[in-house]
Amino acid sequence: MNFIGELAALSTSFFFAMTALIFTMTGRMVGSQVTNRVRLAFALVYLIVLNLILFREPLPFSAESSRWIWLGLSGVIGLSLGDAFLFQSLVSVGARLGTLLLSLAPIFGSVIAWVFFGERLTALQITGIVLALAGIAWVVMSHKEPPDTPHGHTRRGVLFGVLAGLGQAIGFVFSKQGMFGDFSPFQANAIRMLAAAIFIWAWTAIDSKTGATITALREKPRAIGLLALGALLGPLLGVSASLLAVQHTEIGVASTLMALPPVIVLPISYFAYKEKIGWQAFLGTVLAIAGVAILFLA
């Protein structure tokens with residue numbers, strides 16, 4: 001029996017879990033905003049090289065303008081703004097809770113598609129949404145701030161995590177509008193990354209933070225290698241593995257297996273970072289992933 005799709009989906013979860021851990025480290029080293037700016041630059045370079053290899057052009061310049069508009073908006077909202085909130089959430093509450101909050105993205109996406117694009121939600125899918133929300137709420141309520149943490153730190157981290165999920169969901173919905181027909185996901189991802197990089201670096205220049213970004217990297221040169229690795233694991237290997245998964249197995253199965261980063265991060269947080277994980281956090285994480293699984297498989 002061929003399990004290429006399932007293995008690719010599990011690999012996707014592993015790549016994204018490692019990316020979250022790496023960007024948590026870099027966010028605490030050089031700041032979440034610097035992390036977002038630099039990893040977008042690395043990811044764009046990787047995708048340009050990949051598109052040159054696959055399609056012999058760095059970017060899909062022949063694509064319709066409507067694709068560029070939808071995918072460009074998707075990149076700005078999902079990759080620039082959504083991931084900016086994600087990295088701040090990772091810094092505030094850690095990779096375990098941050099990746100779990102990102103599980104809100106498919107829930108937000110389903111609701112947005114239902115409200116604005118007429119996609120129907122079945123009773124079973126609504127049940128999955130309720131279970132996922134209950135699991136995430138359980139984990140958030142069981143999370144305790146360390147004694148030396150500033151007041152409200154976790155609250156802000158949770159808020160940023162929710163906004164990250166919303167940003168990614170809107171980005172995904174816009175991506176779907178721009179990927180009609182048989183347009184390559186690799187080319188679509190390159191457009192999204194280009195728009196995100198232009199937006200974030202233009203904002204950096206307007207805010208006069210370009211020099212501060214370079215200074216932060218000079219002071220922490222180890223962060224550069226970690227950012228390059230994180231950009232390679234996430235936007236390149238993670239996205240490529242997800243495409244392979246969807247190609248070789250059912251979308252529901254692939255999506256469910258790709259929703260496992262919070263579970264993968266659990267033992268790493270416990271053994272590598274000595275984070276105390278109670279039974280409420282474990283069961284809440286499992287409940288949230290089960291809800292996401294029901295949402296997709298239904």
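Looking at region 1-44, which of the residues that are in contact with a Phe, Trp or Tyr (Cβ under 8 Å, 6 or more places away or on another chain) and basic (Lys, Arg) is surrounded by the fewest Cβ atoms within 10 Å (Cβ to Cβ)?
Among residues in region 1-44 that are in contact with a Phe, Trp or Tyr (Cβ under 8 Å, 6 or more places away or on another chain) and basic (Lys, Arg), the one surrounded by the fewest Cβ atoms within 10 Å (Cβ to Cβ) is Arg37.
Which of (1) at pLDDT below 85; (2) assigned to a helix (DSSP H, G or I) does Leu266 not meet, given it meets every other one?
Status for Leu266: all satisfied but (1).
What number of residues within region 269-297 are of a type in the set (A, V, I, L, M), touching a Leu at 6+ places or on another chain (Cβ under 7 Å) and part of a helix (DSSP H, G or I)?
Going through region 269-297, the residues of a type in the set (A, V, I, L, M) turn out to be 272, 277, 281, 283, 286-290, 292-295, 297.
Those still in the list that are touching a Leu at 6+ places or on another chain (Cβ under 7 Å) too: 277, 287-290, 294.
Now narrow it down to the ones that are part of a helix (DSSP H, G or I): 287-290, 294.
Looking only at that region, the number is 5.
Just checking, does region 169-178 include any residue being surrounded by fewer than 17 Cβ atoms within 10 Å (Cβ to Cβ), closer than 17 Å to Ala8 by Cβ and at pLDDT below 95?
No, that holds for no residue.
Just for region 198-233: of the residues that are surrounded by 15 or more Cβ atoms within 10 Å (Cβ to Cβ) and among the β-branched types (Val, Ile, Thr), which one is farthest from Phe87 (Cα to Cα)?
Top of the filtered list is Ile198.
Restricted to region 126-143, and to residues that are buried (at least 20 other Cβ atoms within 10 Å of the Cβ) and under 22 Å from Ile170 (Cα atoms), which residue is farthest from the chain's Cα centre (by Cα)?
That would be Gly128.
Of the numbered conditions (1) surrounded by fewer than 18 Cβ atoms within 10 Å (Cβ to Cβ); (2) touching a helix residue (DSSP H, G or I) at 6+ places or on another chain (Cβ under 8 Å); (3) not hydroxyl-bearing (Ser, Thr, Tyr), Pro267 fails exactly one; give the number of that condition.
Here Pro267 clears every test but (2).
Which condition does Glu119 not pass, out of (1) among the acidic types (Asp, Glu); (2) farther than 24 Å from Ala190 by Cα; (3) part of a helix (DSSP H, G or I), if it passes all the others?
(3)
Please go through region 111-125 and give me each residue that is of a type in the set (Gly, Ala, Ser) and under 20 Å from the mean Cα position of the chain (by Cα), ordered by number. Spell out the reasoning first.
Within region 111-125, the subset of a type in the set (Gly, Ala, Ser) is 113, 118, 123.
Passing the criteria: only Ala113.
Tell me the helices (runs of 4 or more DSSP H) entirely within region 1-110 that contain at least 2 residues that are within 12 Å of the chain's Cα centre (by Cα) and touching a residue at least 60 places away in the same chain (Cβ under 8 Å). Spell out the reasoning first.
Details: elements: 4-30, 32-55, 65-74, 83-102.
Qualifying helices (runs of 4 or more DSSP H): 4-30, 83-102.
Please work out if Ala196 is of a type in the set (A, V, I, L, M, F, W, C), without any contact (Cβ under 8 Å) to a residue 40 or more places away in the chain and out of contact with any Lys or Arg (no Cβ under 8 Å at 6 or more places or on another chain).
Numbers: of a type in the set (A, V, I, L, M, F, W, C): yes; without any contact (Cβ under 8 Å) to a residue 40 or more places away in the chain: no; out of contact with any Lys or Arg (no Cβ under 8 Å at 6 or more places or on another chain): yes.
Taking the combined requirement at face value, the residue does not satisfy it.
Conditions (1) farther than 30 Å from Leu236 by Cβ; (2) basic (Lys, Arg); (3) in contact with a Cys (Cβ under 8 Å, 6 or more places away or on another chain), marked per residue:
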{"position": "Val45", "(1), (2), (3)": "no, no, no"}
{"position": "Arg56", "(1), (2), (3)": "no, yes, no"}
{"position": "Ile69", "(1), (2), (3)": "no, no, no"}
{"position": "Ser74", "(1), (2), (3)": "no, no, no"}
{"position": "Thr99", "(1), (2), (3)": "no, no, no"}
{"position": "Pro106", "(1), (2), (3)": "no, no, no"}
{"position": "Ser110", "(1), (2), (3)": "no, no, no"}
{"position": "Ala134", "(1), (2), (3)": "yes, no, no"}
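The values are calculated or read from the model by the stated rules, or taken from the named source; none is laboratory data. Just so we're clear, the structure is a prediction, and the values are computed from it rather than from any experiment. Note that we place each Cβ from the backbone using ideal geometry, even for glycine, and neighbour counts take in every protein chain shown.
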